[in-house]
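Each reported figure results from applying straightforward, stated rules to the coordinates on display, with no laboratory input. Here the structure is a predicted model, which is why all the values come from computation and not from measurement. FYI the Cβ positions are ideal-geometry reconstructions off the backbone, even for glycines, and counts take in every protein chain you see.
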Amino acid sequence: MWEVFYSSNFVHQFLLERYKQEGREDAEKKSYDNCYPFMYYLQHGKKFYDTAHQAPLSIKPVLLFYGNAQLLKACLLTIHADYPESSTVLAHGVSTRKRKKQNYDFFKDEVKIQKHGLFTYFSEKMFHVKHAYGEKFCMKQLLEQIEELAPLFDLYFKQTNEQTKRIHEIIAHYLLLYNLSMICRYETEWWYDLLHSYSNDAYPFIVQFLDVTERKVPKYLYDYLLYKKDQD
């Protein structure tokens, strides 16, 4: 589906129209400057997703996280011609504990929002959401944002009246993929125990989430690029 953007003439006109809508006086120049970076972000992201589709489960989180990040960068170029205007926006924008505690529970694990970086940048620019520095999200809360996982929650967790704070689903995907990619890279023993022992309730949630995000995020961001006015 991304092939529609693999023409420099089309992308130049596409970006020019977007930048004119922003009222930029330098729309012509910026559309030329950003034409190839935009296409390269998309092509790089697609390669990560294509590779993830063929890759073993053990390394999928890393590939999907970086594929997601590349597609988000392409989306940002359509709404903010100066991206990246400084090195502060190039970091991931979130952090997590690299060393997990004894009796680690994936559902209770947390990611913490940083002051600068891609996460805070795309959340604000694309979805008009400002997250507080130091705000934390646990994995269970993030997984609950993914509608396809609702049947698993019905099976594994007792029904409660507790209301989960809703966040944009693309934000949840990014945070989940970030943490899973960190676990995959730095918590190898726990990760392989999860994949091979089947003794952890987190396993079906993680496996199904990875399947959902591989299919859902590229489609959403493709639609965002073409029909942004309907996504706001």
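Counting only helices (runs of 4 or more DSSP H) that sit completely within region 124-232, those holding 2 or more residues that are of a type in the set (A, V, I, L, M), touching a Ser or Thr at 6+ places or on another chain (Cβ under 7 Å) and under 30 Å from residue 3 (Cα atoms) correspond to 169-186. Assessment of region 223-232 against the conditions (surrounded by 13 or more Cβ atoms within 10 Å (Cβ to Cβ), of a type in the set (Ser, Thr, Tyr) and within 26 Å of residue 73 (Cα to Cα)) yields at least one matching residue. Among the residues examined, residue 55 qualifies as under 30 Å from residue 204 (Cβ atoms), more than 16 Å from the chain's Cα centre (by Cα) and either of a type in the set (A, V, I, L, M) or buried (at least 22 other Cβ atoms within 10 Å of the Cβ) (or both).
Counting the residues of region 108-123 that are assigned to a helix (DSSP H, G or I), over 23 Å from residue 73 (Cα atoms) and under 19 Å from the mean Cα position of the chain (by Cα) gives 0. Restricting attention to region 1-26, the residues being in contact (Cβ under 8 Å) with a residue 40 or more places away in the chain and either surrounded by 15 or more Cβ atoms within 10 Å (Cβ to Cβ) or in contact with a Phe, Trp or Tyr (Cβ under 6 Å, 6 or more places away or on another chain) (or both) number 8.
Pairs are defined by a Cβ separation below 9 Å, a sequence spacing of at least 6 or placement on different chains, a first member in region 129-149 that is in contact (Cβ under 8 Å) with a residue 40 or more places away in the chain, and a second member that is exposed (fewer than 13 other Cβ atoms within 10 Å of the Cβ) and of a type outside the set (A, V, I, L, M, F, W, C); the pairs so defined are 139/108.
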